[in-house]
Amino acid sequence: MTTIKKILCPLDFSSVSENALRFAFQFADAFKAEVHLLHIIEPAVGMVMDTPHSIPIINSKSIENAREALKSFSEKNLTSVSQKLKSPATLFSGIEIGPIGITINDFAIRNKMDLIIMGTHSDKNKSWWEGSVASEVLESPSTPILIVPESSEYTAIERLSFATNLHRGDLLHLLEVVELLKPLHPEIRCIHVMEDEK
């Protein structure tokens with residue numbers, strides 16, 4: 001795996017994705033990477049229409065509205081972090097129709113993304129990955145994923161933890177992480193949790 005050159009940031013226009021987008025802009029700046037914005041329009045489940053020819057009209061209108069929202073959303077958030085960036089952001093944007101988690105992973109594969117950065121809601125009663133779009137993407141990940149909790153602010157990665165259950169495959173994943181984050185030169189601490197005294 002090479003270093004990060006293409007970052008995918010899925011957006012649903014919530015405050016959570018707004019925070020993830022600001023994070024993605026600053027993260028991309030450290031790597032001189034492109035940021036690819038993606039908004040997904042999820043088809044209505046169980047929707048039956050008497051006139052099938054009207055479906056493209058509805059989709060066309062939804063896509064146009066989403067395209068305008070994506071443009072203003074990205075401009076607003078880019079402006080809010082522009083003074084923190086060393087160089088202008090290289091942006092691309094796209095609209096897709098489909099189930100959210102699957103579509104994000106498919107888009108990442110098709111467009112050869114190096115990293116997905118996305119936000120997640122915090123809920124006191126659930127783990128950070130439960131019941132969110134992030135959990136759908138994590139079900140069958142196609143690309144490394146950086147999940148940004150809604151209250152997190154961007155700081156350059158100086159230290160990170162690598163959780164391992166001491167399988168041989170973990171060494172390969174660790175080497176991938178080292179290669180992926182090489183430009184940041186972080187300190188990496190490997191952590192293994194023992195479930196019992198044996």
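Just so it is clear, none of the values below were taken in a lab; they were calculated from the coordinates. Treat the numbers as computed from the prediction; the structure is a model and nothing was measured. Reconstructed Cβ throughout: ideal geometry from the backbone, glycine too, with neighbour counts over all protein chains shown.
Annotation: the residues 196, 170, sorted from fewest to most other C-beta atoms within 10 Å of their own C-beta, follow the order 196, 170. May I ask for the net charge around residue 102, where only other residues with Cβ less than 13 Å from the Cβ of residue 102 are counted and Lys, Arg are +1 while Asp, Glu are -1? Charge balance in the 13 Å sphere: -4. Here the calculated FRET efficiency for residue 65 and residue 184, from their Cβ-Cβ distance with R0 = 45 Å, stands at 0.75, rounded to the nearest 0.05. When the P(r) of segment 157-198 is calculated, the portion above 14 Å amounts to 49% of the C-alpha pairs. When segment 157-198 is described by a simple charge dipole with +1 on each Lys and Arg Cβ and -1 on each Asp and Glu Cβ, the residue from 163, 194, 173 located farthest towards its positive end is 173. In this structure, the pairs whose alpha-carbon distance is over 29 Å, taken from 5/84; 86/112; 84/112; 61/86; 32/71, are 61/86.
Arranged from fewest to most other beta-carbon atoms within 10 Å of their beta carbon, 189, 67, 22 become 189, 67, 22.
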